[in-house]
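The values are calculated or read from the model by the stated rules, or taken from the named source; none is laboratory data. If you're wondering where the values come from, they're calculated on a predicted model, not measured in any experiment. All Cβ positions, glycine included, derive from the backbone under ideal geometry; neighbour counts span all protein chains shown. Note: accessible area is taken over every heavy atom of the protein model, side chains too, but ligands, DNA and RNA are not part of it. Shrake-Rupley method; radii C 1.70, N 1.55, O 1.52, S 1.80 Å.
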Amino acid sequence: MEVYDADAYLADEAAMNAARRQVVAGNGYHLYVHSLQSDIQVGVRIRIWPMVRDAPGQAEGFTPVSLESETGVVVIGQLALGPAGEMELPRAGLYEGIASWTGREAVATYHDDILRQIDDDWGVEETSRAWRECPFTEEYVLDLSFSR
């Protein structure tokens, strides 16, 4: 997934590769979020705060991030499927904060377990149902505050 300024169309291969190693990485105008699976729906929340916040205590992991938005509008995109939504920021500029995640490992383990169970008797409906019935939720949260 990626989160980017509405005018930042060019992808950044180096930042995408960094996200594969670090979970979340960016280049200033793009933030890339790397899930360990590509079939089960994940959540992305962007929260804007008046001040920089600490990482949530229940997070599996977190990393500092920054995102500059010249337009004041950020897009949440699915790399293979295109934009999933957008959000209007309080104002254009640089936002800094923390990216955190929960459920990443549990959903990946569930995903891998289902893939091992799939055989010739499984159809699209059975596989889709298995993805929808995942008992875990994978979520990424960007807690940002306006910097300048």
Query raised in the report: At a Förster radius of 30 Å, what calculated FRET efficiency corresponds to the Cβ-Cβ distance of Glu13 and Thr71, to the nearest 0.05?
Result: 0.80
Report task. Count the net charge of all other residues whose Cβ sits under 15 Å from the Cβ of Glu139, scoring Lys and Arg as +1 and Asp and Glu as -1. Result -> -1
Requested in this report: Compare the Cα positions of Gln22, Ile46, Tyr32 along the charge dipole of the stretch 9-53 (+1 at Cβ of Lys, Arg; -1 at Cβ of Asp, Glu; about the Cα centre) and return the one farthest towards the positive end.
Outcome: Ile46
Query - Using alpha-carbon coordinates, inclination of helix 13-22 to the longest axis of the chain, degrees - result: 70 degrees
Query raised in the report: Using the Karplus equation 6.51 cos²θ - 1.76 cosθ + 1.60 (θ = phi - 60°), what ³J(HN,Hα) coupling, rounded to whole Hz, does each residue of the stretch 80-86 give in order, writing x for Gly and Pro?
Result: 8, 10, x, x, 9, x, 8
Query - the stretch 1-139 pair-distance distribution - Cα-Cα, 5 Å bins, rounded % - result: 2, 9, 18, 20, 19, 13, 9, 5, 3, 1, 0
Report task. Show Asp143, Asp54 ordered by accessible area, largest first, where the area counts protein heavy atoms only and the probe is 1.4 Å. Result -> Asp54, Asp143
Report summary line: Counting Lys and Arg as +1 and Asp and Glu as -1 over every other residue whose Cβ sits under 15 Å from the Cβ of Gly93, the net charge comes to -4
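For Glu86 and Arg116 in one chain, what is 0.36 nm times their gap in residues minus the Cα-Cα distance, to one decimal in nm?
Between Glu86 and Arg116, full extension yields 7.3 nm more.
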Query raised in the report: In deg cm²/dmol, rounded to 500, what helix-only [θ] at 222 nm does the chain give when every DSSP H run of at least 4 residues adds -39500 (n - 2.57) and the total is split over its residues?
Result: -6500 deg cm²/dmol
Report task. Quick one: check the C-alpha center-to-center distance for the stretch 12-59 versus the stretch 104-125, whole angstrom. Result -> 24 Å
